[in-house]
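The values are calculated or read from the model by the stated rules, or taken from the named source; none is laboratory data. Please read these numbers as outputs of a predicted model, since none were measured by experiment. Positions of Cβ are generated from backbone atoms using ideal geometry, with glycine treated the same way; all protein chains shown enter the neighbour counts.
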Amino acid sequence: MFDELSEWLNTKINHREGRLFMFDELSEWLDTVLEAEISDDDDVTAFGFNLCDDGDCCWSMELVGASDISVGDTWRLDDMPDFDTRENLFRWKKEAEWEEILADVINALKEYLQNGKYADTLKSRVGVGVEYNFHWLE
């Protein structure tokens, strides 16, 4: 019984310390921006999450929505999004390589797409993508 409780507790601790990448905070941010920024009448065809390495173990992410997407071997949103959260980025700090951060973000977004308050808003469009952009700080 103790081993089962210990395993359950370790799972909960790992979940809160980054296994699902601050899911509660991400959900709160998404709920806020999707409620305020997107309506069913918008021309947004697809959503993209742009993930950035801000240096010193600091990360940020924006959500963009565009009415035009390019489809080929990969798809990308056009350069002029119809909406974005650049004035309201999601920011956090975690010591990790970009591959781990990207995996954390993808897992958290998959969870949001299953259980998030505005998951249907995201799923009602053609697609949802995640992109990692490394920005050199000068």
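Against the list (1) out of contact with any Asp or Glu (no Cβ under 8 Å at 6 or more places or on another chain); (2) acidic (D, E); (3) at pLDDT below 80; (4) closer than 19 Å to V44 by Cα, the condition E87 fails is (3). Only a single item in (1) in a strand (DSSP E or B); (2) over 17 Å from D54 (Cβ atoms); (3) touching a helix residue (DSSP H, G or I) at 6+ places or on another chain (Cβ under 7 Å) is not met by G129, and it is number (3). Candidates E62, E35: the one that is touching a Leu at 6+ places or on another chain (Cβ under 6 Å) and modelled with pLDDT of 85 or more is E62. Residues in the range 105-138 that are among the acidic types (D, E), surrounded by 14 or more Cβ atoms within 10 Å (Cβ to Cβ) and at pLDDT 90 or above: E111 alone.
In the range 38-59, which residue that is of a type in the set (A, V, I, L, M) and part of a strand (DSSP E or B) is modelled with the highest pLDDT? Among them, the one singled out is L51. Within this structure, E95 passes the test of being over 14 Å from the mean Cα position of the chain (by Cα), farther than 15 Å from F23 by Cβ, at pLDDT 90 or above and loosely packed, with under 13 Cβ neighbours inside 10 Å.
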